[in-house]
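Beneath this line is the structure, given in structure tokens, with notes to follow.
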Amino acid sequence: MTDSELRELVKQIVQEETQPGIPIGVSNHHVHLSEEDFAQLFPGQKMTKFRNLKQPADFATNQKVTVIGPHGQIDNVRVLGPCRKESQVELSLTDGFQIGVDLPVRLSGDLDGAPKVILQTKDARIPVYGAIAAKRHIHMSLEDGKRYGVKYGDEVSVEITTGSRRLVFNDVMARPRKDFVLEMHIDTDEANAAGLTKDTVARILPKK
């Protein structure tokens, strides 16, 4: 082992011993709606809370829609609240294959050129130009960002340190913000690839 390899190994061991594990949130397919689209799909209704999510102010609602693509549909896709400026449909790549939609991998809100899907309820059927596969990312507070040495938009490599399929996710976006709570977000495809369990945590790898 060379001196540089030994230093890298020591650096990694020290980081693993001192860095707290990052909890992982697995994001199933879901929909964010604008106020206008919500009113069309659920006329006369208000969003009703199913449960709170980890990030402050975010919650899963009792409302669900059917997402329709050229080659199929996905039923009972949950709406998340609160309403947003633009409607957005977040699916896994497997979901996209299922319904015939070529999903771009994007951060939430980056919808330029995103493909169209149809959202349907018993009351309405509307087109939404905002179907994406979410880019994996880590929500964190500003204090977390300082501890990990990252700023908003930095990309890091993250090791999944428990579970039956130990692996490393590259190109993970760091998202420090004062109102965020520490949590890595991945979709169901990524979770299955890593063999996630309820005890699985993630650790940011040192930069080489």
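The values are calculated or read from the model by the stated rules, or taken from the named source; none is laboratory data. Bear in mind the structure is a predicted one, so any value in this text is a computation, not a measurement. Cβ sites come from the backbone with ideal geometry, for glycine too, and all protein chains shown count toward neighbours. Just the protein is used for accessible areas: all its heavy atoms, side chains included, with ligands, DNA and RNA removed. Shrake-Rupley method; radii C 1.70, N 1.55, O 1.52, S 1.80 Å.
Out of His30, His71, I need the residue that is closer than 18 Å to Ala133 by Cα, at pLDDT 95 or above and surrounded by 18 or more Cβ atoms within 10 Å (Cβ to Cβ). Which one? Answer to the check: His30. Among the residues making up segment 178-205, those that are assigned to a loop (DSSP other than H, G, I, E, B) and open to solvent by less than 20 Å² (accessible area, probe 1.4 Å) are Gly195, Thr200. The set of residues in segment 174-187 that are touching a strand residue (DSSP E or B) at 6+ places or on another chain (Cβ under 7 Å) and over 14 Å from Thr200 (Cα atoms) comprises Ala174, Arg175, Pro176, Phe180, Val181, Leu182, Asp187.
Of the strands (runs of 3 or more DSSP E) that lie entirely inside segment 107-177, those containing 1 or more residues that are free of Cβ contacts under 8 Å to residues at least 40 places away in the same chain, surrounded by 15 or more Cβ atoms within 10 Å (Cβ to Cβ) and not charged (D, E, K, R) span 125-129, 167-176.
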